């Protein structure tokens, strides 16, 4: 019962440290109860100890996941339960690897392996087809940007390492004190923990107060149409949506406005707009007519495109089979969640979203899973289909030469991915999203807070247009300077600075995770040459 309570406590403490309601300092203690229960069981004669520790880990991580991401239920009950249960399982597998290492090595070396393995797990969650990095530990400081200005050097993996370092130091100090009662060693360890806590915060404060944005202003207007995605979005004509958008714009736009930004898939009537015909479409003509009234205006908006095929040689792995035409030939279609930008020049710039929501926009590992599960996709309105992506990040160049990175919704959660826009030349980031699926919950608030991390990592100002809110301007230090609240309809005008400088993190990406993966691999391979320990009474002192 004591160990059950310890596992439960770990889950609760981790959840209470999460944005946007939590206090992230709790993350520095969150794993200690679970580590304590693990050590107690390994030091006992209990049977099936590995299975029992695994069960405790699963309980802790289930609680952490359900409290922080229960809001997914508002869009899909199946998706929520799958995300919570599967993610808790993956976290527990990390603990399973830790048990193996702990049986063969000292506590100190094991507590080097555990953070490294956890970071490898987080790195996987950023890069495989079941990507769900929402609960990567470095995200936990998103609402405290003054603590983490050094993310421009480390990305969020610096935060993950910070969390694990303090958990390891504090657990080792407390557990060994419980066995030895050595107050001097406890005091020394506590001093080290205090330094590890406050030195990074002090460095961050110094960076925060010395960082000065270069004055390269652009005037931006954000549109927030507040369209219900379940009842209105896909059943309203693009013409009516365009009229609404431009009427909202009229109240704030000026002749000096440089960018007008509308949210993700704001134009999504029916199956979308035929990509091949977009240059001659009513949607583009209406937008071009509005843009022509303003000399410097660049209009960036989300749109759903489709492209049809009748030849099998043209199909892609993400192409959808749509049936047969009148003469019995198969019809195939690609669907795109895209952004476009146009101005008074003749060309239209288009980018296709490339980090897709699992089960909603992509079916992961179709060659393996489709024969088992069938063509199962989650219906959130509109066209239920696999979406087609593009390989490289695309940027849009404004009529005045300013380049913007069009980050579409879920893409904003992926740090190294977003650096691709900056590497291509983006001078600021435009995040377009539709966060109405989850209702007025922590979902849209957490999503907004993660955008602040991207601002720090890249030192790029962010203009965020959300269909239902929260639309916002974020400066290069991750500070939200202005917002338009949830479920409000309107437009928001602001001036942000562009930036050309490249941060260390943009240049080197998730290098910490790659180094951690190497460390975890070396220790894991080494474990095959070590026998399991028969006793843990040294408590890691050897």
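Every number in this text was worked out from the coordinates using simple rules, so none of it is lab data. Not measured: the values here are computed from a predicted model. Please note: Cβ atoms are built from the backbone with ideal geometry, for glycine as well, and neighbour counts cover all protein chains shown.
Listed values, structure above:
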read-out	value
For 435, 258, 500, order by how many other beta-carbon atoms lie within 10 Å, fewest first	500, 258, 435
Potential extension, residue 70-residue 48 segment - 0.36 nm per residue separation minus Cα distance	4.7 nm
Cα centroid separation - the range 66-138 against the range 391-440, whole Å	27 Å
Relative counts (whole %) of C-alpha pair distances in the range 125-187, using bins that are 5 Å wide	4, 16, 18, 15, 13, 11, 11, 7, 3, 1
C-alpha long axis of helix 2-16 to longest principal axis of the chain, angle in °	30 degrees
Exposure proxy order (Cβ contacts within 10 Å, fewest to most) of 198, 259, 504, 208	198, 504, 208, 259
Percent antiparallel among DSSP beta bridges (both partners in the chain, rounded to 5)	65 percent
Length added when fully stretched, residue 365-residue 321, from 0.36 nm per residue minus Cα-Cα	14.1 nm
Rough spin-label spacing in nm, given labels placed 7 Å along Cα→Cβ, for residue 179 and residue 524	2.7 nm
Inter-label distance for residue 96 and residue 251, nm, one decimal - labels placed 7 Å from Cα along Cα-to-Cβ	5.5 nm
Tensor-based shape of the range 92-167 (alpha-carbon gyration tensor, a/c under 1.5 rounded, otherwise prolate or oblate)	oblate
Anisotropy class of the range 143-240 from Cα gyration tensor, a/c 1.5 cut	oblate
For the range 43-160: Kirkwood Rh in Å [reciprocal of mean 1/r, alpha carbons]	15.8 Å
FRET E, pair residue 400, residue 274, Förster distance 35 Å, beta-carbon r, rounded to 0.05	0.70
Spatial separation of Cα centroids for the range 203-274 and the range 507-525, in angstrom	39 Å
Viscosity 0.890 mPa s, temperature 25 °C, Stokes-Einstein D of the range 172-218 from Kirkwood C-alpha radius, µm²/s	182 µm²/s
Where labels lie 7 Å past Cα in the beta-carbon direction, separation of residue 212 and residue 511 in nm	2.8 nm
On Cα atoms only, tilt of 238-250 relative to the major axis of the chain in degrees	80 degrees
With eigenvalues of the C-alpha gyration tensor scaled by 5 and rooted, the range 245-303, Å	22, 13, 9
Crossing angle, helix 107-127 versus the chain [Cα axis fit, 0-90 degrees, rounded to tens]	10 degrees
Neighbour-count order for 318, 458, fewest beta carbons within 10 angstrom listed first	318, 458
Range of Cα positions in the range 234-344 per principal axis (Å), largest first	53, 26, 21
Computed E for residue 228/residue 128 - FRET, C-beta separation, R0 30 angstrom, nearest 0.05	0.35
Along principal axes, Cα extents of the chain, largest first, whole Å	78, 61, 36
Convex hull of Cα atoms in the range 203-271, direction-averaged projection (nm²)	7.8 nm²
FRET efficiency, residue 186 to residue 26 (Cβ-Cβ, R0 22 Å, nearest 0.05)	0.55
